[in-house]
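Remarks on the structure that follows.
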Amino acid sequence: MASDQDLVVETVREILAGHEPFVLTAEQPWDEGLWADLAEAGLTGVGLPEEAGGSGGELADAVAVVRTLAAGAGAVPVAEQLLVAAPALLVGDLDLPSSEEPLTVAVDGAVTAEPSDDGDGPGRFTLTGTAVDVPWAGVARHVAVLARPPAGIEGEVLAVLDTASLAASRAVNLAGEPRGSLVLDGAGVPGALLSPAQAGLVRARYALARALQISAALEQVLAWTVQYAGERVQFGRPLGRFQAIQVELAQMAGEVTATAALVDAAVQALDRGEDTAVLATAAAKVRAGAAVEVVAKLAHQVHGAIGFTQEHRLHHLTRRCWSWRDEGGSELVWSRVLGAGLLAGGGDDLWPALTRVV
């Protein structure tokens, strides 16, 4: 009997079959048709409680949606919506926008929040400053923003705002996905004060979303490369019969497997609400970033010249992996988090901490 996740994956794949990946441009910065089909099927609210406007389900269901879309190079802000922004708003007891309207998250930049005096009651803040590197800026209708609170207050303010009146700068990552800036004009918006731990978990969720996407994309890159090596004939035999190619495929498989194991461990820690979720995420993001360099390089090397052409499918995933590697925090950023976390309990706790996280 098929599991709920199997059914979710099958549904997403059926929808993806009608939306081939394409090169993103200023005129077509996302796959609006794919989003519409996903929203119609209720997949843009998966993993979010029905009473809050979602489609119900568990974190594993949302992960299944994100993984499948990442492997299919789906140019839509589903990972940001299902795994980062919407769960953060729920933690802050803030209303979710309609799941049919794209929601993204902004965690970088210089944004400050002051309690609003617009007379609309408590729980409103005035945001000023610029949010940078905002995923799908100019595409997403709503954005959940982490902002610095007034002086003397610990934590960060999480606010949600409609982007209809905000101009987004035109910036993209290596894959062409929008990553612009939003200048906040000081309007009063709903918000909530998050503790330092809660705000840290929002950032960890963003990093985990990227690690999850990388893991899924690299698995697909490996599958394509193994298939190509079995079909492409050189000197009278398939490439996959040459020992040098076999070694490269084995290297790729090792990187993909290690990444998937750490990402799965981080997802499980997050799902169980464990204190180690941030450290598990740090390990997953570091491992995923390191795997990109090896797997992408070897995949293009095995494919040869054809793998570098615009018409070939490989670049849709490898360029995304290179981009996602630096988003949500680089390996350096999360290595520091991981190191500090492992040393937090002192020397006697180092080995137990290592074996718990890795």
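The values are calculated or read from the model by the stated rules, or taken from the named source; none is laboratory data. The shown structure was predicted, so the numbers you read here are calculated from the model rather than taken from an experiment. Glycine also receives a Cβ, built like all others from the backbone with ideal geometry; neighbour counts cover every protein chain displayed. For accessibility, only protein heavy atoms count, side chains too; no ligands or nucleic acids. Shrake-Rupley method; radii C 1.70, N 1.55, O 1.52, S 1.80 Å.
Summary table below
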{"item": "Search result, residues across the range 103-155 that are open to solvent by 40 Å² or more (accessible area, probe 1.4 Å), under 16 Å from GLY328 (Cβ atoms) and at pLDDT 95 or above", "result": "VAL132, ASP133"}
{"item": "Number of the exception - GLY339 against (1) open to solvent by less than 10 Å² (accessible area, probe 1.4 Å); (2) farther than 30 Å from VAL233 by Cβ", "result": "(1)"}
{"item": "Condition check for VAL221: crowded, with 21+ Cβ neighbours inside 10 Å, of a type outside the set (Phe, Trp, Tyr), part of a helix (DSSP H, G or I) and out of contact with any Gly (no Cβ under 9 Å at 6 or more places or on another chain)", "result": "yes"}
{"item": "Test: residue in the range 135-153 that is farther than 22 Å from GLN5 by Cα and under 13 Å from the mean Cα position of the chain (by Cα)", "result": "yes"}
{"item": "Condition met for ALA86 (among the small types (Gly, Ala, Ser), open to solvent by less than 10 Å² (accessible area, probe 1.4 Å) and within 11 Å of the chain's Cα centre (by Cα))", "result": "no"}
{"item": "ALA199 vs. criteria out of contact with any helix residue (DSSP H, G or I) (no Cβ under 8 Å at 6 or more places or on another chain), open to solvent by less than 10 Å² (accessible area, probe 1.4 Å), of a type outside the set (Phe, Trp, Tyr) and in a helix (DSSP H, G or I)", "result": "yes"}
{"item": "Contacts under 7 angstrom Cβ, first residue in the range 314-329 being in a helix (DSSP H, G or I) and basic (Lys, Arg), partner modelled with pLDDT of 95 or more and crowded, with 24+ Cβ neighbours inside 10 Å, 6 or more apart", "result": "ARG320/ALA217; ARG325/ILE214; ARG325/GLY289; ARG325/VAL292"}
{"item": "Test: residue in the range 43-51 that is over 19 Å from VAL91 (Cβ atoms), modelled with pLDDT of 95 or more and hydrophobic (A, V, I, L, M, F, W, C)", "result": "yes"}
{"item": "Output for the range 224-252, where each listed residue is of a type outside the set (D, E, K, R) and either open to solvent by less than 30 Å² (accessible area, probe 1.4 Å) or in contact (Cβ under 8 Å) with a residue 12 or more places away in the chain (or both)", "result": "TRP224, THR225, VAL226, TYR228, ALA229, LEU239, GLY240, ILE245, LEU249, GLN251, MET252"}
{"item": "All positions within the range 32-76 that are within 16 Å of the chain's Cα centre (by Cα), outside any helix (DSSP H, G or I) and farther than 22 Å from ARG320 by Cα", "result": "VAL46, GLY47"}
{"item": "Scope the range 259-304; condition farther than 16 Å from ALA207 by Cβ, among the small types (Gly, Ala, Ser) and open to solvent by 30 Å² or more (accessible area, probe 1.4 Å); matching residues", "result": "ALA261, GLY273"}
{"item": "Qualifying residue in the range 280-297 (condition: at pLDDT below 95 and out of contact with any Leu (no Cβ under 9 Å at 6 or more places or on another chain))", "result": "no"}
{"item": "Residue in the range 56-68 that is more than 21 Å from GLN268 (Cβ to Cβ) and either free of Cβ contacts under 8 Å to residues at least 60 places away in the same chain or open to solvent by less than 10 Å² (accessible area, probe 1.4 Å) (or both) present", "result": "no"}
{"item": "Test for ALA26: is it in contact with an Asp or Glu (Cβ under 6 Å, 6 or more places away or on another chain), of a type outside the set (D, E, K, R) and assigned to a loop (DSSP other than H, G, I, E, B)", "result": "no"}
{"item": "Qualifying residue in the range 272-288 (condition: in a loop (DSSP other than H, G, I, E, B), of a type in the set (Val, Ile, Thr), more than 29 Å from ALA229 (Cβ to Cβ) and within 20 Å of the chain's Cα centre (by Cα))", "result": "yes"}
{"item": "The range 165-183, residues that are part of a loop (DSSP other than H, G, I, E, B), open to solvent by 60 Å² or more (accessible area, probe 1.4 Å) and farther than 19 Å from ASP31 by Cα", "result": "SER165, ALA167"}
{"item": "Members of the range 192-231 found to be of a type in the set (Val, Ile, Thr) and out of contact with any Phe, Trp or Tyr (no Cβ under 7 Å at 6 or more places or on another chain), listed by number", "result": "VAL202, VAL221, THR225, VAL226"}
{"item": "LEU354 surrounded by fewer than 17 Cβ atoms within 10 Å (Cβ to Cβ), modelled with pLDDT under 95, touching a Leu at 6+ places or on another chain (Cβ under 7 Å) and of a type outside the set (Gly, Ala, Ser)", "result": "yes"}
